[in-house]
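Everything below concerns the one structure shown next.
The values are calculated or read from the model by the stated rules, or taken from the named source; none is laboratory data. Being a predicted model, the structure only gives us computed values, none of them experimental. Ideal geometry is used to build each Cβ from the backbone, glycine not excepted, and the neighbour counts take in all protein chains shown.
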Amino acid sequence: MQHTRKTLIRRPQPCLLASAIGFALASCACSALAAETVTKAGSLQLGDIQIQAQEAESSKVEQSASAKIATPLLDTPQTITVVPKKVIEEQQALSLRQVLSNVSGITFNAGEGGGGSGDSINIRGFSANANMQIDGLRDSAQTSRTDTFNIDQVEVIKGPNSVFGGAGTTGGSINVISKQPQNRAFTRIGGSVGTDNYYRTTLDTNQPLEDVGTDSAVRLNLMGHQNDVAGRDEIDRKRWGIAPSLRLGFSDATRLTLSLHHQEDDNLPDYGVPAVDGKRLAGVDRDAYFGWKNLDKEEIEQSAFTANFEHDLNDSLSLQNLTRYSRVNRDTTVSASHVNTTGVPAGSYRPAGPQGYGRDAETEMWINQTNLKAAFDTFGLAHNLVVGAEISRETLDLRTYSYNLTGAAPYPIFDLGNPPGYWAGATNKATSGYTETKLVDKAVYLFDTIALNEQWDINGGVRVDWMDGQARAFDANHQPTTRFESNDRKASSRLGLVYKPVENGRFYVAWGNSFNPSAENLASSGGGLSVATADLGPEKNETWELGTKWELFERRVELDAALFRVEKSNARETMSDGSTQLAGKQRVDGIELGLTGHVTEQWDVFANYTFLDSETLKAADTPAGADREGQALGNTPPRSFNLWTTYKLPAGWSIGYGARYVSERNVSSSTRAKLDDYWLHNAMVGYKVNDNLDLQLNVNNLFDEDYVERVRQQPGAAARSSAIEYGDGRSALLSATYSF
């Protein structure tokens, strides 16, 4: 395997993107002209006229896009929050983190290990890093997180869900739904400018292929983007992407959709500012940059190809096969914003933690999933059945390197109030080691919803995983140093009972479990397997949930409420002798409330609230473990609330308002130090100039609130601080969309 690969990242080329957009527009124009045919006699013959009406978009989503959830969301005994396309577009939410900020009960840890800042997601207090899916297929390589140009909606399925995606999912899983070819022709050209050197261009064009098969269509999405980060003057981000998709209808019953997604990023990583106990150090400015702009980088090149084959055997039986190959090249050099303030003059520091540390990683994944869906009756009972199998192979090829900034000498002393931002000393870039990992997962599963009668449903599922992990480490000369393997065989299940007292209301009770093997993060970070963990069994999680769902206002609005308990019964703990045992116990009790949909024809609401009561019930018999017992989990706010609401005014105007509240929460599970609570306010004004042109002004963080959005779950000390990462400061952007 070649380890001297150099990843080439090309910056967005405005002329190239403009040419691609121009070509797409010309293609659409030619297709429109071709629809007109002139007879030999010179008379004009018009084709069939088709009237296509669209329903008014609402934040209320009726059905999950996942093949494994066969029933409408109203009838699914679980808390599922869907952030729809309407909300994403109204907010101009550009990253997955911005989209997920609409869902209460989700927080973000600071990025570690070159995995991308802010990519560490917590749901209901537990990590969800390995719990990502794209169109129902596992995505542990962390693709498609920095831009939403090809995202249609995002589904957050809360509670232990190994039955849906395999390993992980203690607090919930995330399913990102990509844009797909449609049956109608449209083209949307978008352009945005804003504060902090914000520039963005997008194209979304779709064309039915009337002379190709049945209901065939092609769609193309393009994106070019750059911006500085509001409130973080030194940080800049650039990216471009292309996502074509083709649906071929072989008949009314058989279709194949081919999709490609390619994106390249060139960013300056942001690892925040130094902090102790969740508070920024005195003398440090909010926008201070503690890295090295001439060394640090984040270059990402990601590609994914997906084939989705669907065949309807009859009206009640259908087959789906999904295959995907994805590859992510990520070359990052990071310098932590940890500082050492001991033994130096007041107001000064020496860098602490990794400086000029690099990770050049290539992740590849093959995954295939087959689903058979059937609707039938047996002995007077109606079934909605999904039976499936999945196999995946993920590999990580990681080269670590360092610029060795100081050699044997200590770091220089710098001014806390004026960090230099550029490294002026000597460098000696050298490879420090290699890691190769492989994770193979084979699974079979079954889901069934059984209608006992008009008022009672039983909803159940079971999945069995055979997961094999392997990790090999090499020194700088590529000589092997360690090798570890793990083999886990685990069954996961869910069971729910739904009561339907009236047509628009449901009550339910549900139970589910999940597992976290040591190898679950092998393909994303390369970590997890060691002498202490290779032979360790998976952690076990289970949840109980009691809830109700109601459709109100002529079924335009859905109101959800749920009580739940999530418990990890055997968390991994480091013992006093250095060994690792499954000795810990953690629990989160909570309440979820949600309201989505059209309150009136003009007024739309998307709102949710989460209360979390978290606690470490049992930890290792060590001083550190004793500090955690009885404490709330780190970065797990007891209360969080999100609101996005829009109102249509006369004469083509519309307005929107958003609010987000996150209460005080522990920095880590071993300290009582708190991160401050915060309120965040956003606003939107839209104006429909005519049938083709829409204008929209978004102002985010209206009151320029300083708030900690991402944190390292360490309190820090004078000899080595921790770090906090602020959310974006106030920004404004003006967008125009031309549609035809």
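A few points about this structure:
- The residues of the stretch 315-337 that are under 30 Å from Val273 (Cα atoms) and not acidic (Asp, Glu), listed by number, are Val328, Asn329, Arg330, Thr332, Thr333, Val334, Ser335, Ala336, Ser337.
- Of all residues in the stretch 505-538 being in a loop (DSSP other than H, G, I, E, B) and among the hydrophobic types (A, V, I, L, M, F, W, C), the one that is nearest to Arg330 (Cα to Cα): Ala523
- Residue within the stretch 634-646 that is within 30 Å of Gln696 (Cα to Cα), basic (Lys, Arg) and either assigned to a strand (DSSP E or B) or touching a helix residue (DSSP H, G or I) at 6+ places or on another chain (Cβ under 7 Å) (or both) present: no
- Residues satisfying the stated conditions in the stretch 292-318, i.e. more than 26 Å from the chain's Cα centre (by Cα) and assigned to a loop (DSSP other than H, G, I, E, B): Trp292, Lys293, Asn294, Leu295, Asp315, Ser316
- Residue tally, condition more than 30 Å from Thr306 (Cβ to Cβ) and either outside any strand (DSSP E or B) or of a type in the set (Val, Ile, Thr) (or both), over the stretch 377-427: 27
- Scanning the stretch 343-358 for residues being among the hydroxyl-bearing types (Ser, Thr, Tyr) and outside any strand (DSSP E or B) gives a total of 0.
- Residue that is surrounded by the most Cβ atoms within 10 Å (Cβ to Cβ), among those in the stretch 703-731 that are farther than 17 Å from Asp270 by Cβ, under 24 Å from the mean Cα position of the chain (by Cα) and not charged (D, E, K, R): Gln714
- Residue selected from the stretch 319-335 under the condition assigned to a strand (DSSP E or B), of a type in the set (Ser, Thr, Tyr) and in contact with an Asp or Glu (Cβ under 9 Å, 6 or more places away or on another chain), by the criterion nearest to Ser525 (Cα to Cα): Thr332
- Selection status of Asp315, at pLDDT 95 or above, in the same structural domain as Asp377 (by the TED database) and not β-branched (Val, Ile, Thr): no
- Lone qualifier among Ala443, Ala476 - being closer than 27 Å to Glu520 by Cα and modelled with pLDDT under 95: Ala476
- Hits in the stretch 236-256 - residues which are surrounded by fewer than 22 Cβ atoms within 10 Å (Cβ to Cβ) and within 22 Å of Tyr325 (Cβ to Cβ): Ile242, Pro244, Leu246, Leu248, Arg255, Leu256
- Hits in the stretch 368-394 (condition: crowded, with 20+ Cβ neighbours inside 10 Å and closer than 18 Å to Asp465 by Cα): Gln369, Asn371, Val386, Gly388, Glu390, Ser392, Glu394
- Residue in the stretch 173-182 that is more than 17 Å from Asp135 (Cα to Cα) and touching a residue at least 60 places away in the same chain (Cβ under 8 Å) present: no
- In this structure, Arg188 does not qualify as in a strand (DSSP E or B), touching a His at 6+ places or on another chain (Cβ under 7 Å) and surrounded by fewer than 23 Cβ atoms within 10 Å (Cβ to Cβ).
- For the stretch 124-145, the set of residues classified as in a strand (DSSP E or B) and either at pLDDT below 65 or under 23 Å from Ser326 (Cβ atoms) (or both) consists of Ser127, Met132, Gln133, Ile134, Leu137, Arg138, listed by residue number.
Conditions (1) surrounded by fewer than 16 Cβ atoms within 10 Å (Cβ to Cβ); (2) among the hydrophobic types (A, V, I, L, M, F, W, C), marked per residue:
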residue	(1), (2)
Tyr499	yes, no
Tyr508	no, no
Gly512	no, no
Asn521	no, no
Ser524	no, no
Leu536	no, yes
Thr543	no, no
Thr548	yes, no
Leu552	yes, yes
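- Pairs where the first residue, in the stretch 350-374, is under 15 Å from Thr431 (Cα atoms) and the second is of a type in the set (Val, Ile, Thr) and buried (at least 20 other Cβ atoms within 10 Å of the Cβ), C-beta under 6 Å, 6+ apart: Tyr357/Val334; Gly358/Thr333; Arg359/Thr332
- Single unsatisfied condition, Ala361 versus (1) under 26 Å from Asn294 (Cβ atoms); (2) hydrophobic (A, V, I, L, M, F, W, C); (3) not in a strand (DSSP E or B): (3)
- Filtering Lys490, Lys549 for residues that are outside any loop (DSSP other than H, G, I, E, B) and touching a Lys or Arg at 6+ places or on another chain (Cβ under 6 Å) leaves a single hit, Lys549.
- From Ala571, Ala562, Ala619, residue being within 18 Å of Ile106 (Cα to Cα) and either in the same structural domain as Ser670 (by the TED database) or not polar (S, T, N, Q) (or both): Ala562
- The stretch 452-467 - residue that is charged (D, E, K, R) and either touching a residue at least 60 places away in the same chain (Cβ under 8 Å) or crowded, with 16+ Cβ neighbours inside 10 Å (or both) and, of those, farthest from Thr437 (Cα to Cα): Asp457
- Asp236 being in contact with a strand residue (DSSP E or B) (Cβ under 6 Å, 6 or more places away or on another chain) and under 11 Å from Asp728 (Cβ atoms): no
- Within the stretch 496-551, tally of residues that are modelled with pLDDT under 95, among the aliphatic types (A, V, I, L, M) and within 22 Å of Arg463 (Cβ to Cβ): 4
- Filter result for Arg97 (basic (Lys, Arg), at pLDDT 85 or above and outside any strand (DSSP E or B)): yes
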